[in-house]
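The values are calculated or read from the model by the stated rules, or taken from the named source; none is laboratory data. No experiment lies behind these values; they were computed from the predicted model shown. Here the Cβ is made from the backbone with ideal geometry for all residues, glycine too, and neighbour counts use every protein chain on show. When the accessible area is computed, the model is the full protein with side chains, heavy atoms only, and any ligands, DNA or RNA have been set aside. Shrake-Rupley method; radii C 1.70, N 1.55, O 1.52, S 1.80 Å.
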Amino acid sequence: MISWILILIITFTRFTTCKNGYGFKSPPMGWNPYNAFTFAFNETIIKNQADIIVTGGYLKVGYRYINLDDSWQAPNRTADGTLSYNTDKFPSGIKALSEYIHGKGLLFGIYSDAGTETCGGLPGSLDHEEIDAKTFVEWGVDYLKYDNCYNKNRPEQERYQKMGKALKDATKGTDKTIFYSICEWGQSNPWLWGPDVGNSWRTSVDINGFWTSILSIIDSQVRLTQYGGPGGWNDPDMLAVGFDVIPPIEQITHYAFWAAMKAPLILGCDLNKVNDASKALILNKDIISVNQDPLGLSICQVYYKTYNETSFDIWTGPLIDGYVASLYQKLYTLLTNY
């Protein structure tokens, strides 16, 4: 398989977009353990990855959030109904970990679920939104990824609105602002109601390390690019860059698309194992500047043509300086032949 990207700069008229009032003017950048560690992460691993974010130059270019995923929780709530943490995995506690991360100049994120259980079978936040939001504020949480398992078939919008309100109420009168990531996998068209509820919303199924998954997600974004913008972002899932099993050209295509779509740039690789080429891509200031452009508007597909063995896409989008990033993709689609 052969693929490549040609990035062009073309003069373009400036665009504007409305803001939802949450104050997040550019997509978040950070790291999450799930893709590399699934449920096998702990306090030592999180601190190690946070240290690398700082010493490895990632913080300098904008990667700031260190987010926990599913499995940080204790198997049961405390007697008063409060969420607690797994003391074997996090012996110092979540608040101490948050303080460690903040002490590095980073921001701290956590995971919960809009169901009775998380996807891993641990306590979810459904019907505990108020007490959990207060706990997150007490722990110094800056980012909440809110999943969609074990949801009792209750309407997505109702469940996600309830946590959104709880977060606002819990932070009222404080200087704390929590980025609210709606992770309901795009099932109920969250791009239509998400801007009034949270700060990003999943627009796809989970990504994996296969090229077919990346292409499928890109194709699924064609009709959705109009919905993201400053204050609220389309989220086609975390980045799969930094894994050696993904060929370099596919990593480049994947990363450039996510950046130009103004998606959150959340790394999921083990930063100890990132090779030099992948690290150079992840730290590429030119690509990051497109993602963090103040105008905050995604590229959109303006042309495509498909043949038996090839396909051509042209995606364009405006930047604040009056220019548009135009991304042209050519693929020979013998996807099994790397």
Residue count, segment 127-142 (criterion: among the aliphatic types (A, V, I, L, M) and open to solvent by less than 10 Å² (accessible area, probe 1.4 Å)) | 2
Go through segment 110-121 and give me each residue that's surrounded by fewer than 23 Cβ atoms within 10 Å (Cβ to Cβ) and charged (D, E, K, R).
-> Glu117
Of the residues in segment 143-189, those that are surrounded by fewer than 15 Cβ atoms within 10 Å (Cβ to Cβ) and aromatic (Phe, Trp, Tyr) number 0
Provide a single number: the residues in segment 190-213 that are open to solvent by 10 Å² or more (accessible area, probe 1.4 Å), outside any loop (DSSP other than H, G, I, E, B) and more than 21 Å from Arg154 (Cβ to Cβ).
-> 3
